[in-house]
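The values are calculated or read from the model by the stated rules, or taken from the named source; none is laboratory data. Bear in mind that the values here come from a model prediction, so they are computed numbers and not experimental data. Counting neighbours? That spans all protein chains shown, and the Cβs are built from the backbone with ideal geometry, glycine included.
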Amino acid sequence: MDFNILDKIVQETLGAMEKAKEQIFSIAEDARSECARVKEELQEIRDKTYHVIEMVDEFYSRERKARVRLMEVSRGLERYTEDDIRKAYEEAQEIQVKLAVLKEREQQLRTKRDDLERRLRHLQAMVERAEQLMSQMGLILNFIGGNLKEITGKLEEAQLRQEIALRVIMAQEEERRRVAREIHDGPAQVMSSIVLQSELCERLMDIAPERVREELQELKNLVKGNLIEVRKIIYDLRPMALEEVGLYGAIEKYLDDFAEKHNVIVEHRFLGKEKRLSTLYEVAVFRMTQEALSNVAKHARAKTVKVQVEMAEAAMTTLIRDDGVGFDVQNAEQDEHFGLLGMRERAALLGGSVEIRSNLGQGTTVMIRIPLKERKDDGEQNGKDSNLASR
Ligand SMILES: Nc1ncnc2c1ncn2[C@@H]1O[C@H](COP(=O)(O)OP(=O)(O)O)[C@@H](O)[C@H]1O
Ligand SMILES: [Mg+2]
């Protein structure tokens, strides 16, 4: 499964939702400022309406007074001049016209005010809805974003585990092939020689019994040699010494054999007081050291190898330094070479790491670091991992 594609889809979906949220936000912003504007206008209209209503009231009373005056003037004709009557009449008419204008204005203002109030209610509802929508989208975004990240994380982890398991299986297969080859080339071949040799003895028994002793001697040497070979294979399969003599002892013994077999000077230093670790850890460190040394034998053409193991409170470090031909670390760990990869994986399973420094012609240093602190007597964890790491 390609996580990049999944990740892209998720990112695009989240991006689109984020954009939608921004748009809603800007709509809400617009509505809010429109709201403020309408409120201001409404206030103005209200003030104006109030003012006009006051004026209308005033003109009503003025109109009433004018009418009274007009009645008075028209009744007491003998007391008022024609001019007085005309004036009163004109005044009453003027007031009536003004009042009509004012009433019309009041009506307009009221209508406008009602419109604005409706508009304001509508805008306020819109702002509220947009805010609700935004907070809901925020929730959804967080939910989806968080959850999907977690899911892809989990899937990736599962895939990584699967890959590690596959590589471990491949390495296991490779090791079985190696052991089969070793038995085939060594003990199996020697045993067929033993069969031939015994047949020879059988025949010699009749024709030259004096030579049988000689041949038997040779046969015995063959069997002895073979026994050593078989023991070595068994030892390589499982460093039994580990349980009896501990990690330092087992490494020391391995180094002695190594120096003799490959004709290299091996210097070793064990720092810190050795403490016994669970088999899982001891086997893992032993195997990694073994792999690093077998690389020295196979590839380095070194004169000297220095091995240093240190047990500290928090971690144990193993250094394997050779003075051989060195190599290009970047390009070495590829395809069919599982040695270094296997080391890294073993270390990773125990929460540790492997660092390799090498330059052409300048030797190689392998540094294995395994943390000890929290795992020291963590029996359950050890049991869980033991299938992978204690092979
Ligand atoms: N100590 C070393 N000195 C020189 N070259 C090395 C050393 N260790 C590893 N290499 C190089 O790194 C490569 C990868 O090593 P490894 O993964 O153990 O695979 P393999 O040993 O099966 O070839 C080797 O093929 C070799 O070229
Ligand atoms: Mg190797």
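At a glance:
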{"quantity": "Failed item in (1) within 30 Å of ALA20 (Cβ to Cβ); (2) surrounded by 14 or more Cβ atoms within 10 Å (Cβ to Cβ); (3) not aromatic (Phe, Trp, Tyr), with ARG121 passing the rest", "calculated": "(2)"}
{"quantity": "Answer from LYS303, LYS298 - the residue that is charged (D, E, K, R), within 16 Å of ligand 2 (Cβ to nearest atom) and over 15 Å from ARG369 (Cα atoms)", "calculated": "LYS298"}
{"quantity": "Hey, VAL168 modelled with pLDDT of 85 or more, part of a helix (DSSP H, G or I) and closer than 18 Å to GLU291 by Cα or not", "calculated": "no"}
{"quantity": "Test: residue in the stretch 211-230 that is without any contact (Cβ under 8 Å) to a residue 12 or more places away in the chain, within 30 Å of LEU271 (Cα to Cα) and surrounded by 13 or more Cβ atoms within 10 Å (Cβ to Cβ)", "calculated": "no"}
{"quantity": "Positions within the stretch 313-323 being more than 12 Å from ligand 1 (Cβ to nearest atom) and part of a strand (DSSP E or B), in sequence order", "calculated": "ALA315, MET316, THR317, THR318, LEU319"}
{"quantity": "Criterion (in the same structural domain as ALA347 (by TED's automatic domain parsing), away from ligand 2 (no atom under 16 Å from the Cβ) and assigned to a helix (DSSP H, G or I)) met by exactly one of GLU274, GLU310, GLU282", "calculated": "GLU282"}
{"quantity": "Residues that are farther than 19 Å from GLU29 by Cα and among the charged types (D, E, K, R), drawn from the stretch 96-146", "calculated": "LYS98, LYS103, GLU104, ARG105, GLU106, ARG110, LYS112, ARG113, ASP114, ASP115, GLU117, ARG118"}
{"quantity": "GLU78 vs. criteria in a helix (DSSP H, G or I) and either exposed (fewer than 15 other Cβ atoms within 10 Å of the Cβ) or acidic (Asp, Glu) (or both)", "calculated": "no"}
{"quantity": "Residue in the stretch 1-21 that is modelled with the highest pLDDT, counting only those that are surrounded by fewer than 12 Cβ atoms within 10 Å (Cβ to Cβ) and of a type in the set (D, E, K, R)", "calculated": "LYS19"}
{"quantity": "Test: residue in the stretch 343-354 that is in a loop (DSSP other than H, G, I, E, B), surrounded by fewer than 19 Cβ atoms within 10 Å (Cβ to Cβ), more than 25 Å from the chain's Cα centre (by Cα) and more than 9 Å from ligand 1 (Cβ to nearest atom)", "calculated": "no"}
{"quantity": "Neighbours by Cβ (under 6 Å, 6+ apart or cross-chain): first from the stretch 9-26, assigned by TED's automatic domain parsing to the domain that holds THR152; second among the small types (Gly, Ala, Ser)", "calculated": "LEU14/GLY145; ILE24/ALA130"}
{"quantity": "Qualifying residue in the stretch 324-336 (condition: touching a strand residue (DSSP E or B) at 6+ places or on another chain (Cβ under 7 Å), assigned to a strand (DSSP E or B) and within 14 Å of ligand 1 (Cβ to nearest atom))", "calculated": "no"}
{"quantity": "Output for the stretch 272-305, where each listed residue is surrounded by fewer than 17 Cβ atoms within 10 Å (Cβ to Cβ) and under 16 Å from ALA250 (Cα atoms)", "calculated": "LYS273, GLU274, LYS275, ARG276, THR279, SER294"}
{"quantity": "Subset of the stretch 278-305 [more than 9 Å from ligand 1 (Cβ to nearest atom) and in contact (Cβ under 8 Å) with a residue 60 or more places away in the chain]", "calculated": "SER278, THR279, LEU280, TYR281, VAL283, ALA284, VAL285, ARG287, MET288, THR289"}
{"quantity": "Qualifying residue in the stretch 282-303 (condition: of a type outside the set (A, V, I, L, M) and farther than 23 Å from LEU237 by Cα)", "calculated": "yes"}
{"quantity": "Single condition LYS149 does not satisfy, out of (1) in contact with a helix residue (DSSP H, G or I) (Cβ under 7 Å, 6 or more places away or on another chain); (2) of a type outside the set (Asp, Glu); (3) closer than 30 Å to PHE25 by Cβ", "calculated": "(1)"}
{"quantity": "Unmet criterion (only one of (1) within 15 Å of ligand 2 (Cβ to nearest atom); (2) in contact with a Phe, Trp or Tyr (Cβ under 6 Å, 6 or more places away or on another chain)) for MET343", "calculated": "(2)"}
